[in-house]
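The values are calculated or read from the model by the stated rules, or taken from the named source; none is laboratory data. The structure presented is a predicted model; accordingly, all values stated were derived computationally and were not measured. We place every Cβ from the backbone using ideal geometry, glycine too, and count neighbours over all the protein chains shown.
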Amino acid sequence: MTTNQPSAQPLRLAVIGSGPAGVYAAETLLRSPQVKSGELEVQCDLFDALPTPFGLIRYGVAPDHPRIKGIITALHRILDRGDIRFLGDVEFGTDLTAAELRERYDAVIFATGALKDAELNIPGIDLEGSYGAADFVAWYDGNPDYPRTWPLEAQQVAMIGNGNVALDAARMLSKSADELLRTEIPENVYEGLTSARTTDVHVFGRRGPAQSKFTPLETRELAHPHGVQIVMDPADFAMITPEEREAIRADRRREQVFATFEGWLHAQQEREAKGEEPTDAHGGPVQRRLHLHFWHKPIEVLGEDGRVAGMRFERTRLDADGTMEGTGELVDYDLQAVYRAIGYFGSELPGVPYDESRGVIHNEAGRVTEADGEVIPGLFANGWIKRGPVGLIGATKSDAAETVASLLEDLEAGRIPSASDRDPDSILRLLEDKGVEFTTWQGWTALEEHEIGLGAAVQDSEGNPRPRVKVVPREEMVRVAREGQRAHESASADA
Ligand code: NAP
């Protein structure tokens, strides 16, 4: 096997997936002392199945989270430098096979994330009206690979799970569409949300208010939208023991989230004691209610004529060791839609060893391995497809440090195989020959300008121009991007 040594020749690297995990992996390598000192040269191509970069930040972060969406600015700056070549609209496994990649790149880092909903194996989960929150997120974020319309006729909706995705999806279901007009939501999403008939969103946690995975900021945000009343059940809090309260105080995140819940509960109890009408957190009239239910373990989705008609839960409590146990008490709710927000799940990549129980690529410290642990030289993984769908975006940076350290170690030790076709343009010719309409960084820049232009031409409910309006049909995205690419190429040729 010919191997790659630092300084002998540039390292040809392909990164699959242009979300934070992919961009940070490429950036960590390019910022390594070996590259900075000139000891190692890297030629890096960054692929994405979508015509656009930024993965889950563009298609997974809620549109009303501009602070998190703002991470795109940092990623944009990295890709705009020009030392990482973006190639979008290229699907690994179909448009480009593992063998074609290995022929042209010494090393490949898979950073494809996790897009699907984890399964909830209870009776009735496949009834019409039962959805995955990840699919709903992809719809409201305008992912072009998802349907353009979303059924929102249900008045009573359940959200299963107590993580931040449940909060995002519950907020999007309860917030008025007009409040979302100041975001980048696509036109079809605005229209869908405007006609939604939702009156009550019920968020169910299988454990208690002190065991949720919510983060403080995102919890407080639930009460921000106008017209939304938060409803709590005092009985859920009465079960909390002094020992548990002590444990809550020892954990800052838990303490803050719990304090927010208690604040809402006290305000609700005070109002009820005075016999006052419910209001939203701003004192305004209530249009929708958002109920937080704890100690509810999902047992069955109840149906009528093949459609969701309700849901059965078993009430739970913590045993002496702090482990959740069922109480045997069953409780039913009338509902017309059920969303499961119980975590994401990574998808298998053709030809890459996959752990189907965890939805991740088999790996050790980012080195892809066979199921038996044997390392496959030159293949690496980063982000959620490496370690599972947990942790905030920042965590992919430390993850990238580990993966890139493994890569550099293997390179130093001569364990990275050398690609046979070392011409950087060979990949472009291959894609063209196969009729793959790939997009480039210049194409993305053109699409971005187009979206910002669409936003400037319309106004939000307060008369301000919108930041951008996302283009959804895939063909339209590719058309705008490729037109921009051609314009850039002919301008460069003229210069
Ligand atoms: P998560 O934080 O892991 O939460 C999953 C929730 O589902 C937990 O409450 C879990 O309960 C529950 N669950 C799992 N299996 C269940 C079952 N069979 N029945 C009932 N409940 C079940 O996952 P996530 O919400 O998908 O978020 C993924 C990551 O993205 C997290 O790190 C999150 O913070 C991050 N994120 C951040 C934001 C943001 O705005 N900052 C937005 C979205 C996502 P148990 O705890 O009892 O297992």
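Here are the numbers:
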quantity	calculated
Selection count, segment 220-258, where residues are exposed (fewer than 13 other Cβ atoms within 10 Å of the Cβ), hydrophobic (A, V, I, L, M, F, W, C) and modelled with pLDDT under 95	1
Residue in segment 135-175 that is surrounded by the fewest Cβ atoms within 10 Å (Cβ to Cβ), counting only those that are more than 23 Å from Glu451 (Cβ to Cβ) and among the small types (Gly, Ala, Ser)	Gly163
Number of positions in segment 410-464 that are among the small types (Gly, Ala, Ser), in contact with a Lys or Arg (Cβ under 6 Å, 6 or more places away or on another chain) and part of a loop (DSSP other than H, G, I, E, B)	1
Residue match in segment 343-360 (condition: within 12 Å of the ligand (Cβ to nearest atom), closer than 30 Å to Pro151 by Cβ, out of contact with any strand residue (DSSP E or B) (no Cβ under 6 Å at 6 or more places or on another chain) and part of a strand (DSSP E or B))	yes
Search result, residues across segment 282-304 that are in contact (Cβ under 8 Å) with a residue 12 or more places away in the chain and in a loop (DSSP other than H, G, I, E, B)	His282, Gly284, Pro285, Val286, Gln287, Phe294, Trp295
Hey, Thr279 assigned to a strand (DSSP E or B), β-branched (Val, Ile, Thr) and over 29 Å from the mean Cα position of the chain (by Cα) or not	no
First in segment 362-377 and under 15 Å from Pro350 (Cα atoms), second anywhere and assigned to a strand (DSSP E or B) and charged (D, E, K, R), Cβ under 6 Å, 6 or more apart	His362/Asp355
Some residue of segment 113-120 being within 30 Å of Ile416 (Cβ to Cβ), assigned to a loop (DSSP other than H, G, I, E, B) and away from the ligand (no atom under 14 Å from the Cβ)	no
Some residue of segment 217-224 being part of a loop (DSSP other than H, G, I, E, B) and more than 11 Å from the ligand (Cβ to nearest atom)	yes
Which numbered condition Thr316 fails, given (1) touching a residue at least 24 places away in the same chain (Cβ under 8 Å); (2) among the polar types (S, T, N, Q); (3) touching a helix residue (DSSP H, G or I) at 6+ places or on another chain (Cβ under 9 Å)	(3)
